[in-house]
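A short write-up of the structure that comes next.
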Amino acid sequence: MTSALPFDDFLAATLRQQPHLHAPLSLDGLTLDWPDIGVLRLTPTTLPVDADRVLLSAGVHGNETAPIEVLAGIITDLLAGRLPLAVDLLVLLGNPDAMRAGERYLDYDMNRLFNGAHRQQSAAREATRAAQLEAQADAFFARSPAAARRLHYDLHTAIRGSVYEKFAIYPFLHERQHNRTQLDWLADCGVNTVLLHSAPANTFSYYTSRQHGADSFTLELGKARPFGENDLSRFAGIDVALRALVSGQAAPRVGDGSLQLFRAKYNLIKASDAFRLHLADDVENFTALPDGFLIAEDGDTRYVAEGGEERILFPNPKVQNGLRAGIVVEPVEL
């Protein structure tokens, strides 16, 4: 890196709360805008009007560190000139306080606080940050011309293992159609399983999809581990695909191109302390649910599997009352 750069390592600067810049910085061939901790925008000096506008986020859950390290590596190579930049790029590291603590969140699950939900949890530190991230996304996409694609990939890892290690969540689109090109792109980079959400949500990807018409996805890329304990070779597919995307190249196929789709059938809601989830603590995402199996109960409410093709996703009985404790999904075709 050149001495003109304000940091040697963006991730390290974020973790140590290094002061950000008050004005954009011109570098060789690009502009660097660092307006807040964990917020970085890189723009080529010459940017075609139809160039992609790409938002990459990670660390919305602070203990999901591998995607953060993937993005940090891409930024390092962009700034060092080892990777050309062909898009308008905004990188957001979602929850730096939780990242430093090695925790999923400090006060409240941030990925339940977008789409304005932060206003109902104003005492939570994550609420303030979610509002800041919304504002950064608003400002970024407001400058995006109609001719440009708007893309948002929110990168995560899961608390538990998964029958399908890598999968994507496609937010509910209301009147819009699913983008088959984007689905094919996911398959090419090794994300072969996609959940098509069937209702609005307070996630970051739903926010950018709904408010800005972006092709947005939550990407679950493996299991959550602490900084320094990730086998980044297991994230090579998304790393290669994102590098190709930001440099204006076609994504090489690292998977077999196959794709299986599920839809969210209904949520398990933990309404009270009486909630009981009748699954093992180590049950994996996408575990099949036998017909007639009692999945969970909460007082008089019973959740029973039907048909034999349903599967469980994100089971977590430890969430706060009123939140989703799991999703029951089923196969679907487009």
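Could you tell me how many of the residues in the stretch 133-155 are of a type outside the set (D, E, K, R) and surrounded by fewer than 16 Cβ atoms within 10 Å (Cβ to Cβ)? Steps first, answer last, please.
Here is the first cut: in the stretch 133-155, the residues of a type outside the set (D, E, K, R) are 133, 135-137, 139-142, 144-148, 151-153, 155.
Narrowing further to those that are surrounded by fewer than 16 Cβ atoms within 10 Å (Cβ to Cβ): 135, 139, 142, 145-147.
Residues flagged as of a type outside the set (D, E, K, R) and surrounded by fewer than 16 Cβ atoms within 10 Å (Cβ to Cβ) within the stretch 133-155 amount to 6.
Only one entry of 86, 4 meets the criterion of being part of a loop (DSSP other than H, G, I, E, B), more than 19 Å from the chain's Cα centre (by Cα), hydrophobic (A, V, I, L, M, F, W, C) and not assigned by TED's automatic domain parsing to the domain that holds residue 218, and that entry is 4.
Rundown of residues vs (1) in the same structural domain as residue 316 (by TED's automatic domain parsing); (2) of a type outside the set (Ser, Thr, Tyr); (3) modelled with pLDDT of 90 or more; (4) within 15 Å of residue 168 (Cβ to Cβ), yes/no style:
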residue: 221; (1), (2), (3), (4): no, yes, yes, yes
residue: 226; (1), (2), (3), (4): no, yes, no, no
residue: 230; (1), (2), (3), (4): no, yes, no, no
residue: 236; (1), (2), (3), (4): no, yes, yes, no
residue: 240; (1), (2), (3), (4): no, yes, yes, no
residue: 255; (1), (2), (3), (4): no, yes, no, yes
residue: 261; (1), (2), (3), (4): no, yes, yes, yes
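Checking 162, 122 one by one, the residue that is over 21 Å from residue 223 (Cα atoms), modelled with pLDDT under 95 and surrounded by fewer than 21 Cβ atoms within 10 Å (Cβ to Cβ) is 122 and no other.
Taken over the stretch 206-233, the criterion of being of a type in the set (S, T, N, Q) and farther than 15 Å from residue 63 by Cα is satisfied by 208, 209, 211, 216, 218, 233.
Across the stretch 42-64, the qualifying residues are those that are touching a helix residue (DSSP H, G or I) at 6+ places or on another chain (Cβ under 7 Å) and assigned to a strand (DSSP E or B), and the one among them that is surrounded by the most Cβ atoms within 10 Å (Cβ to Cβ) is 58. Out of everything in the stretch 87-105 that is surrounded by fewer than 19 Cβ atoms within 10 Å (Cβ to Cβ) and in contact (Cβ under 8 Å) with a residue 40 or more places away in the chain, what residue ends up being nearest to residue 13 (Cα to Cα)? Residue satisfying both the conditions and the ranking: 100. Could you please find all residues in the stretch 15-25 being in contact with a strand residue (DSSP E or B) (Cβ under 8 Å, 6 or more places away or on another chain) and not in a loop (DSSP other than H, G, I, E, B)? Answer for the stretch 15-25, where residues must be in contact with a strand residue (DSSP E or B) (Cβ under 8 Å, 6 or more places away or on another chain) and not in a loop (DSSP other than H, G, I, E, B): just 25.
The set of residues in the stretch 288-310 being surrounded by fewer than 17 Cβ atoms within 10 Å (Cβ to Cβ) and within 28 Å of the chain's Cα centre (by Cα) consists of 288, 309.
Residue 239 fulfils the conditions (1) of a type outside the set (A, V, I, L, M, F, W, C); (2) in contact with a helix residue (DSSP H, G or I) (Cβ under 7 Å, 6 or more places away or on another chain); (3) outside any loop (DSSP other than H, G, I, E, B); (4) closer than 28 Å to residue 265 by Cβ except for a single criterion, (4).
The stretch 270-314 holds strands (runs of 3 or more DSSP E) entirely within its bounds, and those carrying 2 or more residues that are out of contact with any helix residue (DSSP H, G or I) (no Cβ under 8 Å at 6 or more places or on another chain) and free of Cβ contacts under 8 Å to residues at least 24 places away in the same chain map to 294-298, 301-304. It is to be established whether one or more residues within the stretch 229-238 are without any contact (Cβ under 8 Å) to a residue 40 or more places away in the chain and hydroxyl-bearing (Ser, Thr, Tyr). Scanning the stretch 229-238, I find at least one residue that is without any contact (Cβ under 8 Å) to a residue 40 or more places away in the chain and hydroxyl-bearing (Ser, Thr, Tyr), so the answer is yes. So for the stretch 279-287 (the condition being surrounded by fewer than 16 Cβ atoms within 10 Å (Cβ to Cβ), under 23 Å from residue 161 (Cβ atoms), acidic (Asp, Glu) and outside the structural domain of residue 327 (by TED's automatic domain parsing)), does at least one residue qualify? No.
The values are calculated or read from the model by the stated rules, or taken from the named source; none is laboratory data. Keep in mind that what you see is a predicted model, and the values were worked out from it rather than measured. Reconstructed Cβ throughout: ideal geometry from the backbone, glycine too, with neighbour counts over all protein chains shown.
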